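Asks: A single structure is presented below for examination.
The values are calculated or read from the model by the stated rules, or taken from the named source; none is laboratory data. Nothing here was measured: the structure is a model prediction, and the numbers come from that model. When we count neighbours, we look across all protein chains shown, and the Cβ atoms used for this are built from the backbone with ideal geometry, even at glycine. Calculation scope for accessible area: heavy atoms of the full protein, side chains included, ligands and nucleic acids excluded. Shrake-Rupley method; radii C 1.70, N 1.55, O 1.52, S 1.80 Å.
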Amino acid sequence: MMKLFGRGKESSPNVSPQSFGHSASPSSSSESPVTGPARPIRLLYCDEKGKFRMDPEAVAALQLVKGPIGVVSVCGRARQGKSFILNQLLGRSSGFQVASTHRPCTKGLWLWSAPLKRTALDGTEYNLLLLDTEGIDAYDQTGTYSTQIFSLAVLLSSMFIYNQMGGIDEAALDRLSLVTQMTKHIRVKAGGRTTTASELGQFSPIFVWLLRDFYLDLVEDNRKITPRDYLELALRPVQGSGKDIAAKNEIRDSIRALFPDRECFTLVRPLNNENDLQRLHQISLDRLRPEFRAGLDAFTKFVFERTRPKQVGATVMTGPVLIGITESYLDALNNGAVPTISSSWQRFTLSARNFAWTTKRLHSSMLHIFFLHHPMSAQGRSNSPGAE
């Protein structure tokens, strides 16, 4: 079975918000592939005609990233601090836009222009891209658009972080009901049959449910439980019958099937002062509650340990591959079709193979022409040691 998202043992856990501080990470590239200092650049957006487009600046930046790529995306409701978490992964106090107003900052998908240079435990070097997503269920969105943005983030990610305030209750699960709609918006293989959540799960990224401002005691049957235990308890089927119960269990079943590799982290409220919370991005880490810093440290360590470059068969995700796959998905959406994972990857793989075959043939032809006009060079080559 081909795997789209790697889930093996990962990069060295030597980077955390504590070791980052608020300066540029020593493991990150010092310069952005685009002109000027490293900054967020728009990866894709929806234009005034309702069509998805890739931003030319992002395309130009990704073209320069020739090595393997792993993508970490942060998704969730608007105005709940997704960009703050991404900035902590960057080791910066600012970067992705953070604001304290009710209006969402991020529209479409945005990426950090300078990939973080990472080294896996097996010694493989790769580029870590951080992706910020438009908040789901924003007041100016349709249900279909929210599902499409959510689906695109899942398709492009090695690790998908779902950022949420508070605990996992029925309302929180209901907001993830768009997971049940993903099977209508994505296919694993071309054809008329609807893809199941379990089939999509074979290609899904690692799913991390990040619970912010968490205040509950994690205790079950008088024993302490882990955040992962808490997540699994929340995803257990609800007992009973009727349409309401069936709808609740459909959401739970879809999350379990779509994200078989899942984890949960909790973060306490970082500060007690309400005014300080409104400008959290301006406050240094050492002023935040120790419990918050410890939780953030564990979370970022997990992200850096577990993220891996994406791969299908022998094809590893690089900048040009990411461009091709994204354009394929957007073409499908813009034409009213359903993005197909295998077809998109196979199309790009075949194109790459054809390019390599054409390049090889062109090289051979050029050598043949050269030796026709320089016969002494050909004779010398045939007499050289190791020539056959």
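Asks: Under the rule of at least 5 residues apart or a separate chain, name every residue whose amide H is placed under 5 Å from the amide H of A38.
Replies: Answer set, sorted by chain and number: S32.
Asks: Rolling a 1.4 angstrom probe over the protein heavy atoms, how many square angstrom per residue are accessible across the range 40-338?
Replies: So the range 40-338 comes to 42 Å² accessible per residue, rounded to a whole number.
Asks: If each of Q63 and R289 carries a label point 7 Å out from its Cα toward its Cβ, how far apart are those two points in nm?
Replies: 4.9 nm
Asks: Over the range 40-338, what percent of the accessible surface lies on carbon and sulfur atoms, probe 1.4 Å? Before the final figure, lay out each step's value.
Replies: Numbers: 5960 of 12530 Å².
Carbon and sulfur atoms account for 48 percent of the accessible area of the range 40-338.
Asks: Let me ask something else about it. Ranked highest first by average number of other Cβ atoms within 10 Å, how do 334-340, 41-47 line up?
Replies: Details: 334-340: 13.9, 41-47: 18.4.
Per-residue Cβ counts within 10 Å, averaged per peptide and sorted highest first, yield 41-47, 334-340.
Asks: If amide hydrogens are placed 1.01 Å from N in the peptide plane, which non-local residues have theirs closer than 5 Å to the one on T307?
Replies: Correct list: S11.
Asks: Each residue of the range 60-66 in turn: what ³J(HN,Hα) in whole Hz from Karplus with 6.51, -1.76, 1.60 and θ = phi - 60°, glycine and Pro shown as x?
Replies: For the range 60-66, the Karplus-derived couplings read 4, 5, 5, 4, 7, 8, 8 Hz, x marking Gly and Pro.
Asks: Skipping prolines and chain starts, which residues have an amide H placed within reach, meaning under 5 Å, of the one on R187, given they are 5 or more residues away or on another chain?
Replies: Amide H neighbours of R187: T340, I341.
Asks: Mind pulling up the Rg/Rh value for the range 40-338? Radius of gyration and Kirkwood radius, both on Cα.
Replies: On the way: Rg = 19.0 Å, Rh = 20.1 Å.
When Rh is taken as the Kirkwood radius, the ratio is 0.95.
Asks: Moving to a separate point now. Considering the dipole of the range 40-338 built from charges on the beta carbon (Lys and Arg +1, Asp and Glu -1) around the Cα centre, which of A257, L235, Y215 is farthest to its positive end?
Replies: Comparing the listed Cα positions along the dipole, A257 ranks first.
Asks: On to the next question. Nearest-5 percent of antiparallel DSSP beta bridges in the range 40-338? Numbers along the way, then the final one.
Replies: Values: 18 of 42 bridges.
Just about 45 percent of them are antiparallel.
Asks: Calculate one ³J(HN,Hα) per residue across the range 241-251 by plugging θ = phi - 60° into the Karplus curve 6.51 cos²θ - 1.76 cosθ + 1.60, and present them in order as whole Hz with x for glycine and proline.
Replies: 9, x, 5, 4, 5, 4, 5, 4, 6, 5, 5
Asks: In whole Hz and in residue order, list the ³J(HN,Hα) couplings for the range 260-270 that follow from phi through the Karplus curve 6.51 cos²θ - 1.76 cosθ + 1.60, θ = phi - 60°; x for Gly and Pro.
Replies: Values per residue, Gly and Pro as x: x, 9, 9, 8, 9, 10, 10, 10, 6, 4, x Hz.
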